[in-house]
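Engineer: Before anything else, here's the structure in question.
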Amino acid sequence: MRALTGRSARQRHGRFLAEGPQAVREAVAARAALELYATADAAERYPAIVAGAPRAWIVTDEVLAAMSDTVTPQGLVAVCPTTTTDLDDVLAAQPRLVAVLDRVRDPGNAGTVLRAADAAGADAVVLTASSVDVFNPKCVRSTAGSLFHLPVVVGVPLADVVTALQRSGSTVLAADGRGEHDLDDLADEAARGTARGVDLRRRTAWVFGNEAAGLDEQGRSLADAVVRVPLHGRAESLNLATAAVVCLYASARAHRGERRAGPA
């Protein structure tokens, strides 16, 4: 169990750990929990979670602490399969909104973006081959259960992802502080129905780059357009997760407006 906190063991066994009541609850609800371990106190506090697992064991606090990756375990650990989705299957469903993470290395950032994508109603999240392992314990915790809510594609080169998305009819937008398009302007145009170039009402995939370096030149050149989030105050920039939230919700709002008004 403890070994599953390491990437090589996860890859070898095809298993990962979900810890804490929120993540474990969503794993059980999605029927993704193969087995569950709980302390007696946690089993008393979360009886529905324990009862919903296909196999559950009560363990001592010491045993659960040895399994856990956290400093202060919350009494619940589930073992889940490292199941991902094929990109072709995602595209076959004609997704309206997709988040693509390229060279995102911090597991907390990746998990937060995945959670934001889920909250914004995205249809899938793609992590390119150069990004963090989505089943990293910190990444799993940061998703707050959203990992079990939407399809996740991993290990595909960025160029292949972008080409496939474009061929399937999605507009690919690169989020970058040096972008020629202002997100506020695009949102205003979508709300007025006056968009002529980049139209947020269309099926859209957002590409987010590395936390420190952003998207490289290749990543920007592959996209249909490069969009910046405007900074109205004195902050130099937004961090990755915050920028992703702003971009994804701008698309979600535009899609909502389109559904109300009819096809663009």
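Throughout, read-outs are computed from the coordinates displayed, never taken from laboratory work. Remember, predicted model here, so these are calculated numbers, not experimental data. Here Cβ is always computed from backbone atoms with ideal geometry, including for glycine, and neighbour counts include all displayed protein chains.
Engineer: Loop-only check: which GluC sites (Glu not before Pro) in the stretch 165-243 are DSSP coil with at most 13 other Cβ within 10 angstrom?
Structural biologist: Numbers: sites: 180, 189, 211, 217, 236; in loops: 180, 211, 236.
For GluC sites (Glu not before Pro) across the stretch 165-243 that sit outside H, G, I, E and B with at most 13 neighbouring Cβ atoms in 10 Å, the list reads 180, 236.
Engineer: Considering the dipole of the stretch 143-197 built from charges on the beta carbon (Lys and Arg +1, Asp and Glu -1) around the Cα centre, which of 191, 168, 146 is farthest to its positive end?
Structural biologist: 168
Engineer: Which of 219, 73, 53 sits farthest toward the positive end of the charge dipole of the chain, with +1 on the Cβ of Lys and Arg and -1 on the Cβ of Asp and Glu?
Structural biologist: 53
Engineer: Can you give the angle from 0 to 90° between the axis of helix 240-261 and the longest principal axis of the chain, with both taken from C-alpha atoms, to the nearest 10?
Structural biologist: So the helix axis and the longest Cα principal axis differ by about 70 degrees.
Engineer: Label points 7 Å out from Cα along the Cβ direction at residue 167 and residue 105: separation in nm?
Structural biologist: Computed distance between label sites residue 167 and residue 105 equals 3.2 nm.
Engineer: Follow-up question, since we're still on this one. Could you tell me the center-to-center distance, by alpha carbons, between the stretch 29-70 and the stretch 162-216 in angstrom?
Structural biologist: 42 Å
Engineer: What relative contact order, as a whole-number percentage, does the chain give when Cα pairs under 8 Å and 6 or more residues apart are counted? It would help to have the intermediate numbers written out before the result.
Structural biologist: On the way: 528 pairs, mean separation 50.1, N = 264.
Relative CO of the chain lands at 19 percent.
Engineer: Rounding to the nearest 20 debye, state how big the charge dipole of the chain is about its Cα centre with +1 on each Lys and Arg Cβ and -1 on each Asp and Glu Cβ.
Structural biologist: Numbers: 29 positive and 31 negative charges, 87 e Å.
I would put it at about 420 debye.
Engineer: Let me ask you something else. What's the Cα-based Rg to Rh of the stretch 122-264, Rh via Kirkwood?
Structural biologist: Working: Rg = 15.3 Å, Rh = 16.0 Å.
Checking Rg against Rh, the ratio lands at 0.95.
Engineer: Tell me the angle of helix 158-167 to the major Cα principal axis of the chain, expressed in degrees between 0 and 90 and rounded to the nearest ten.
Structural biologist: Approximately 60 degrees, to the nearest ten.
Engineer: With +1 assigned to the C-beta of every Lys and Arg and -1 to the C-beta of every Asp and Glu, and no other charges, what is the dipole magnitude of the stretch 154-264 about the Cα centre in debye, to the nearest 20? Working shown, then result.
Structural biologist: Values: 14 positive and 15 negative charges, 119 e Å.
The calculation lands at about 580 debye.
Engineer: OK, next. Could you tell me the calculated FRET efficiency between residue 181 and residue 83, based on Cβ-Cβ distance and R0 = 30 angstrom, to the nearest 0.05?
Structural biologist: Values: r = 36 Å, r/R0 = 1.21.
For residue 181 and residue 83, the calculated efficiency is 0.25.
Engineer: So which trypsin sites (Lys or Arg not before Pro) in the stretch 170-262 are both in a DSSP loop and have at most 12 other Cβ atoms within 10 Å of their Cβ?
Structural biologist: 178, 196, 234
Engineer: If I fit a long axis through the Cα atoms of helix 107-119 and take the longest principal axis of the Cα atoms of the chain, what angle between them do I get, 0 to 90°, rounded to 10?
Structural biologist: Between the helix axis and the principal axis of the chain, the angle is about 70 degrees.
Engineer: What are the ³J(HN,Hα) values, in whole Hz, obtained from phi via the Karplus relation 6.51 cos²θ - 1.76 cosθ + 1.60 with θ = phi - 60°, for each residue of the stretch 172-182 in sequence order, with x given for Gly and Pro?
Structural biologist: 9, 10, 8, 8, 7, x, 9, x, 7, 9, 8
Engineer: Once the Cα atoms of the stretch 1-69 are picked out, what are the Rg and Dmax in Å?
Structural biologist: Expressed in Å, the Cα Rg and Dmax of the stretch 1-69 come to 11.8, 34.
Engineer: Continuing with the same structure: I'm checking a number: the convex hull volume of the Cα atoms of the stretch 156-216, normalised per residue, in Å³. What is it?
Structural biologist: On the way: hull volume 5.7 nm³, N = 61.
Taking the convex hull of the Cα positions in the stretch 156-216, it is 93 Å³ per residue.
Engineer: Give me the tail of P(r) for the chain as a percent: Cα-Cα pairs with distance above 36 Å. Show your work: numbers first, answer last.
Structural biologist: Values: 7057 of 34716 pairs.
Of all Cα-Cα pairs in the chain, 20 percent lie more than 36 Å apart.
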